[in-house]
Amino acid sequence: MGVQATSAVIDRYFELMGRGDDFSVCCTSDVTWTTVDDGTQVRGRGPVRDYVNALHATMVDISTRDIALAEDAAYLEGDYAASAGRDAHRVGFCIAYDVSEHEITAMRCYGAVPHLAPEPSP
C-alpha cells in the first residue's frame, strides 16, 4: 500500500466522521483503539466507533493540525481545551493510525485525553 492509498482511507474516515456517518466502515473488524498514557484498549468496529464518539463528546474545543501520511500509517496531532472558559489551558495529543489492506487496523492515542471506561468486548 502506498501513501496515496493510505490518504484515501484516512480522508474517507474523516469525511464520514465529519458528516456524523458511521466511520467504522473504514476499519477492520478487529480494529483496536489504545490510549497509551493510561493503557485503555478497545477492540472491534462498533466498540471503537462508540468510544471515539464518546471521547469527542467529552473534549472541549478540539483543534487539529495537518495529517502526516506515510505508507501504511497516518499521524494526527491536535489539542483541546482542558475545561470550558477563556482561561482553559490546551492539552496536546497525537493519534497514530495503522492502515493495511485499505482499512484502519489500529489507532493509538498519545497524550492526556479524558478517561472513559472502555466498552466491554463482545
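The values are calculated or read from the model by the stated rules, or taken from the named source; none is laboratory data. Values in this document were obtained by computation on a predicted structure and should not be read as measured data. Because the Cβ atoms are built from the backbone with ideal geometry, glycine has one as well, and the counts that use them run over all protein chains shown.
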Long-range neighbours under 6 Å by Cβ, at least six apart or interchain, first residue closer than 13 Å to Val52 by Cβ and modelled with pLDDT under 85 within region 105-121, second among the polar types (S, T, N, Q) and not in a loop (DSSP other than H, G, I, E, B): Pro114/Thr58; Pro118/Thr40
Strands (runs of 3 or more DSSP E) wholly in region 23-97 with at least 2 residues that are of a type in the set (Asp, Glu) and surrounded by 13 or more Cβ atoms within 10 Å (Cβ to Cβ) - which ones? 73-81
Looking at Ile10, is it under 15 Å from Ala112 (Cα atoms), of a type in the set (A, V, I, L, M) and at pLDDT 90 or above? no
Asp66 being under 15 Å from Ile10 (Cβ atoms) and at pLDDT below 95: yes
Go over the candidates Ala8, Ala54, Ala68 one by one and state the one that is aliphatic (A, V, I, L, M) and free of Cβ contacts under 8 Å to residues at least 12 places away in the same chain. Ala68
Could you check Tyr13 against (1) crowded, with 16+ Cβ neighbours inside 10 Å; (2) in contact with a Leu (Cβ under 7 Å, 6 or more places away or on another chain) and say which number it fails? (2)
